[in-house]
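The values are calculated or read from the model by the stated rules, or taken from the named source; none is laboratory data. As the structure is a prediction and not an experimental result, all values here were calculated from the model. Here the Cβ positions follow ideal geometry from the backbone for every residue, glycine too, while neighbour counts run over all protein chains shown.
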Amino acid sequence: MRSLFSVTLLLLLALTLTVEANKRAKHHKGGKHDKSRASSECSPAEIQYGKCVPDHGDCGDGLREASCKDRTEKINCRIPCNWKKDISDCKYKFGAWSSCDAATNTKSRSGTLKKALFNAECQATVKVSKPCSHKIKKTRGESFWKGKKKSNSR
């Protein structure tokens, strides 16, 4: 009786694992390997990528064409909805933000090219700017209660 129970338990476990593996295979979206999916017989250097075209507006999720030889496919892409919009296919290493320029109320920083994605044409260095924040930043260790008197009302 014990051996029948053990065999039944093993079969149930094997069936559960098989069902889970099939579920994962059906819902697998490709992840990082989607980039090179354009054509299995093409090397990554041969694949030509088009610009990312957002589905709605000028930023957000979209599609880009990936072509190799006589085959073209559309792959998912994303354009950031902030100052990185113009350099989204280029990866840069940025320095620290400059101090606020009172005349223009902006601060800026520059970056050097680390990597060009999807064979993009990227500038070697870029300079970006953004409006200065008017919030007063708290120094480390400072809290909301600092300087306020505690009342010992019991």
Exercise. Scanning for something over 25 Å from Ile75 (Cα atoms) and modelled with pLDDT of 75 or more, does region 8-19 turn up at least one residue?
Worked result: yes
Problem set entry | Extreme residue, nearest to Gly111 (Cα to Cα), among residues of region 44-77 that are of a type in the set (D, E, K, R) and surrounded by 13 or more Cβ atoms within 10 Å (Cβ to Cβ) | Lys51
For this session: Mind listing whichever residues of region 81-99 are at pLDDT 90 or above and among the charged types (D, E, K, R)?
Result: Lys91, Lys93
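Got at least one residue in region 100-121 being β-branched (Val, Ile, Thr) and at pLDDT below 90?
Here is the first cut: in region 100-121, the residues β-branched (Val, Ile, Thr) are 104, 106, 112.
From what is left, the residues that are at pLDDT below 90 are none.
No, the conditions are met nowhere in region 100-121.
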Seminar exercise, completed: If we keep only residues of region 78-91 that are surrounded by fewer than 15 Cβ atoms within 10 Å (Cβ to Cβ) and hydrophobic (A, V, I, L, M, F, W, C), then the residue farthest from Ser129 (Cα to Cα) is Cys81
For this session: Can you tell me which residue among Lys135, Lys130 is part of a strand (DSSP E or B), at pLDDT below 90 and surrounded by fewer than 15 Cβ atoms within 10 Å (Cβ to Cβ)?
Result: Lys130
